[in-house]
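Read-outs: derived from the displayed coordinates by stated rules, not from any lab. Everything numeric here is computed off the predicted structure, so don't read it as measured data. Cβ placement follows ideal geometry from the backbone for every residue including glycine, while neighbour counts extend to all protein chains displayed.
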Amino acid sequence: MKNTIKVSKLREFLAEMKFAFVSLFLLLCSAMGVSAELENCVDLQKQANGGLRSGLYSIKSGGNTVYIYCYYGNGDGYVYLLPSISNNVNLNLAYLSNDHSLVKVIHKRRQNGKQYEATMQQIPAFNSLPVSVQFNKHDGYQGILNKAMGPYMFIGFVPLSHNVKGGVQGWKVNGQEFTFTNCDGNPNSYFSVLFNANKPGYTSYNGWKNPLMYAWYNLATQVPVSEELPDALFSPDYEIHHGGCGGYSIGTTEGDITGVAIGQRFVITCSVPDDVMNASKTLGGLKPGSIVIYSCNPGYKGSGDLVRMCTSTGGWSGVQPTCISEAVFGPGQLIGIWTAFK
């Protein structure tokens, strides 16, 4: 019996040490800028049990290493591409985000060097359509004019299949609608950030300003200093086109803008919590605030946290419990403390 107890306790100790080592390793990687090769920012955070901070990480795409910047907020976040990304990467940006209803546009201003942000969404007429985010392509949408300034990040709003002459189009910026009537059926409907690897200039088609085209600049709010993005994420070049009588602008149209970065939103979820031997598990969901309840089988007592909560950073609170046979312990012997929700 004594040997059985020793083996059981040794297994518990090794399991706890393994968990602690993996968590510490991922946290150190985050602090040192070392990358982990997983699918997206949500997966990275799940693997670290919610312990990662905003920073630069890498993922694999078609055998290529791609660096992304994960900004982790409170229950959600945004993922950004680096302008230095290779032109030859085949990257499906839809896999980087689980919320395709909006994007965030952050720009830097020459006048004060500060960063400003605005969210962009579909107008109500196109609410059923996603905001399409693509890398180096524009499937289903009219393409950009300055392809030579690629690679580029393409943000499409009204697809070719929904474009009609005389239709009302536009976008919603920080909750406010900006629309125009497509006068001639021209199907342009996009905002594209140009990473401009080879540094050619724009085409001879010059841009101009109007409230629709620069709502993301005029309505933007200042980013708190503690939440500012690294300068390396910004590109000075972009192209915006609407319509048919909507407008066209490029990176030289507004002199106060020195750089633009577009982020895709993701919602934090927790990984499926592990099963516990000799216990049943009731899972309330994987969104922040959801709980999992472990119930030890008859004849077993719990050690650790029998109730754990999915936190806003994507980890489970407390310590993974164990259920140990009551026969192992004498009457009144302390085997653990239930510290749920810590």
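Tell me which residues come under 5 Å, amide H to amide H, from Gly77 once H is placed; ignore anything under 5 positions away on its chain. Close amide H contacts, sequence-distant or interchain: Phe266, Ile268.
Peptides 221-234, 84-97, 295-308 ranked from most to least packed, by the mean per-residue count of other Cβ atoms within 10 Å: 295-308, 84-97, 221-234. The distance linking the stretch 76-114 with the stretch 41-70 is 14 Å (Cα centroid to Cα centroid, whole angstrom).
Ordered by the number of other Cβ atoms lying within 10 Å of each residue's own Cβ, fewest first, Tyr69, Tyr57, Tyr238 fall into the sequence Tyr69, Tyr57, Tyr238.
From the convex hull of the Cα coordinates of the stretch 73-267, what is the mean projected area in square nanometres? Write down the numbers at each step before the final one.
Numbers: hull surface 41.9 nm².
Directional mean of the projected Cα hull area for the stretch 73-267 stands at 10.5 nm².
Evaluating 6.51 cos²θ - 1.76 cosθ + 1.60 at θ = phi - 60° for every residue in the stretch 70-85, the Karplus couplings come out as 9, 9, 9, x, 9, x, 8, x, 9, 10, 10, 8, 8, x, 7, 4 Hz, glycine and proline recorded as x.
Assuming a ≥ b ≥ c are the square roots of the Cα gyration tensor eigenvalues, decide whether the stretch 52-151 counts as rounded (a/c under 1.5), prolate (otherwise, with a/b larger than b/c) or oblate.
Rounded is the answer for the stretch 52-151, as its axis ratio a/c remains below 1.5.
Here's the list of aspartates and glutamates a cross-link from Lys147 could span, going by alpha-carbon distance under 17 Å and ignoring same-chain residues fewer than 8 apart: Asp139, Asp237, Glu239.
The label-point distance for His162 and Asn90, in a model that sets each label 7 Å from Cα toward Cβ, rounds to 2.8 nm.
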